[in-house]
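Here is the structure we will look at, set down as structure tokens.
The values are calculated or read from the model by the stated rules, or taken from the named source; none is laboratory data. It should be emphasised that the depicted structure is a prediction, and the values quoted were computed from it without experimental measurement. Cβ: placed from backbone, ideal geometry, glycine included. Neighbour counts: every protein chain shown. The area values use the complete protein model at the heavy-atom level, side chains included, leaving out ligands, DNA and RNA. Shrake-Rupley method; radii C 1.70, N 1.55, O 1.52, S 1.80 Å.
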Amino acid sequence: MNQTSTSSPPELAPLKVAMLGCGTVGTQVARLITQSGDDLRERIGRPIELVGIAVRDAIKQRDGIDPQLFTTDALGLVTRGDLDVVVELIGGIEEVRPLVLAAIESGASVVTANKALLAADADTLSQAADKAGVDLYYEAAVAGAIPIVRPLRESLVGDEIITVMGIVNGTTNYILDKMCTTGADFDETLAEAQALGYAEADPTADVEGYDAAAKAAILASLAFHTRVRAADVYREGITRIAAQDIRQARVNGCVVKLLAIASSLPDGKVSVRVHPAMVPNSHPLASVSGAYNAVFVESREAGRLMFLGPGAGGAPTASAVMGDLVTVGRNRVRGVAARGHNVYAHRPIASMGDVHTRYAVSAEVADEPGVLAAVASCFAEHGVSLQTVDQELGASTDHPTATIQVTTHQANEADVQACVDELGLRSFIHGQVRVLRVEGN
Ligand SMILES: NC(=O)C1=CN([C@@H]2O[C@H](COP(=O)(O)OP(=O)(O)OC[C@H]3O[C@@H](n4cnc5c(N)ncnc54)[C@H](O)[C@@H]3O)[C@@H](O)[C@H]2O)C=CC1
Ligand SMILES: N[C@@H](CC=O)C(=O)O
Ligand code: NA
């Protein structure tokens, strides 16, 4: 690959890199560091030397990686004092925070893919990095290979972001896509996503929306220059999405996607939410398939931008990690560190009840005179205007039922939820009232 160097470069002290973790992403990063040494030297301006990899099991064989690099003493590795960069690819919060802080305090720059840690504790980490004069880079933490952290942190930092909306979890997109296109069930597709290396160690983080909420928090913090933590993000996962939701979406010309949406509201608040939603087939997010991610950014000056690509998996995520490693390496060579992300705006977080969007509400009802009118008047009493009303008759003639589905115009979340709660108490409703927000019109 390296075809440009015509003479041997002068001997320069290598950039010393240590890794924490050697799982799905770590093995790919170790492979790339090992395989691309010549190119990395040219791109960084100094040779790169992988000096150690902290793992849980140092005896286990990992193909293509020198077994002598492995150690189970992660703290000893990051505090050895001569490191330029520590690449953290363990994941999780409590066990990793002290390791990352120790690395920074020992003078190493840090590259991490750890959204959970950043969404919980970015202030602590970036303040420590600024104090130590080292870099903290985390492109892989949001939407895997897709460059989105750097564009928000650097390319768009002179603009004013209005909305960031995206599919930021590969596992759930893979599952929902399969459920929509093949009718496969949830458990079967989750197992496939795990086997492909998309899912987190504990897949609850994916399917319950915690992973997407952490990414939404990072995106919102970068977009709006304010600190948003994972705990500030309204979150619903996909475990309650049933075949009937997928069917209803299809009837409406939509697919179901897990979306992360961060918006700047006119009252100065910031709204950040993660939940499944119906997305019209005509919208570009509807055709984002498999483990792909996509992020829309709308800004005042640039207008609408879309970022699309592989959002998970070992090699794609390693690509983003390597990009950060080269950038941090170049900074080390020049003796500089990038200014940490500046969260100066201190904007309040809007409550979910303040959100305005469209809704699709469906329920099985008794097929009796007055039921449709009662449903419609319940919405009217809560100030929710209906856009469409449909009903499909059930098969039973003994106890005739119908499935009613309405879609609303833009409505307030609190009003819609109050209406749904009230409908749930009516005797003509059989079972659950199902609600999905409709986004991306
Ligand atoms: N897999 C993916 O597609 C993506 C993962 N990420 C993030 O990358 C990071 C790594 O993810 P994966 O490689 O998928 O996880 P993984 O679970 O495959 O690998 C983590 C490795 O760290 C090791 N480990 C755990 N505790 C350790 C300790 N105390 N000392 C040394 N090693 C320890 C584990 O044994 C495991 O091999 C996580 O923060 C994850 O959220 C980010 C984007 C995509
Ligand atoms: N589990 C995550 C991996 C990347 O962050 C996902 O499925 O997107
Ligand atoms: Na990314």
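Points worth noting:
- Build a GNM of the chain with springs between Cα atoms under 10 Å apart, and of Asn173, Asn331, Asn293 the one that fluctuates most is Asn331.
- Tail fraction, Cα-Cα pairs, the chain, threshold 38 Å, whole percent: 30 percent
- Rounded to 5, percent antiparallel among DSSP beta bridges of the chain: 70 percent
- Members of Lys60/Lys131; Lys16/Lys115; Lys16/Lys131; Lys115/Lys257; Lys178/Lys269; Lys115/Lys178 lying beyond 31 Å, as alpha-carbon distances in this model show: Lys60/Lys131; Lys178/Lys269
- In order along segment 279-291, the Karplus-derived 3J(HN,Hα) couplings, from 6.51 cos²θ - 1.76 cosθ + 1.60 at θ = phi - 60°, round to 10, x, 4, 6, 7, x, 5, 5, 9, 7, 10, x, 8 Hz, and Gly and Pro are given as x.
- Sites listed here are GluC sites (Glu not before Pro) in segment 231-337 whose DSSP assignment is loop and whose Cβ has at most 10 other Cβ atoms within 10 Å: Glu301.
- With Cα atoms, 0 to 90° folded angle of helix 314-334 axis to the chain main axis: 50 degrees
- P(r) tail fraction, segment 109-212 - alpha-carbon pairs more than 20 Å apart, %: 50 percent
- The ellipsoid equivalent to the alpha-carbon distribution of segment 230-366 has semi-axes of 35, 22, 14 angstrom, derived from the gyration tensor eigenvalues as √(5λ) and listed largest first.
- Share of carbon and sulfur in the accessible heavy-atom surface of the chain [1.4 Å probe, %]: 50 percent
- With Cα atoms, 0 to 90° folded angle of helix 186-195 axis to the chain main axis: 10 degrees
- Rounded accessible area per residue of segment 196-319, 1.4 Å, Å²: 38 Å²
- Calculated mean residue ellipticity at 222 nm for the chain: -10500 deg cm²/dmol, from DSSP H runs with n ≥ 4 weighted as -39500 (n - 2.57), summed, divided by the residue count and rounded to 500.
- Our Cα-only numbers for segment 346-411 put the radius of gyration and Dmax at 15.6, 60 Å.
- For segment 5-76, the Stokes-Einstein estimate of translational diffusion at 20 °C and a viscosity of 1.002 mPa s comes to 163 µm²/s, using the Kirkwood hydrodynamic radius over alpha-carbon pairs.
- Taking trypsin sites (Lys or Arg not before Pro) in DSSP loop states with no more than 12 other Cβ atoms inside 10 Å as exposed sites, the chain has its longest site-free stretch at 61-239.
- As a size descriptor, the averaged projected area of the C-alpha convex hull of segment 248-318 was calculated at 6.5 nm².
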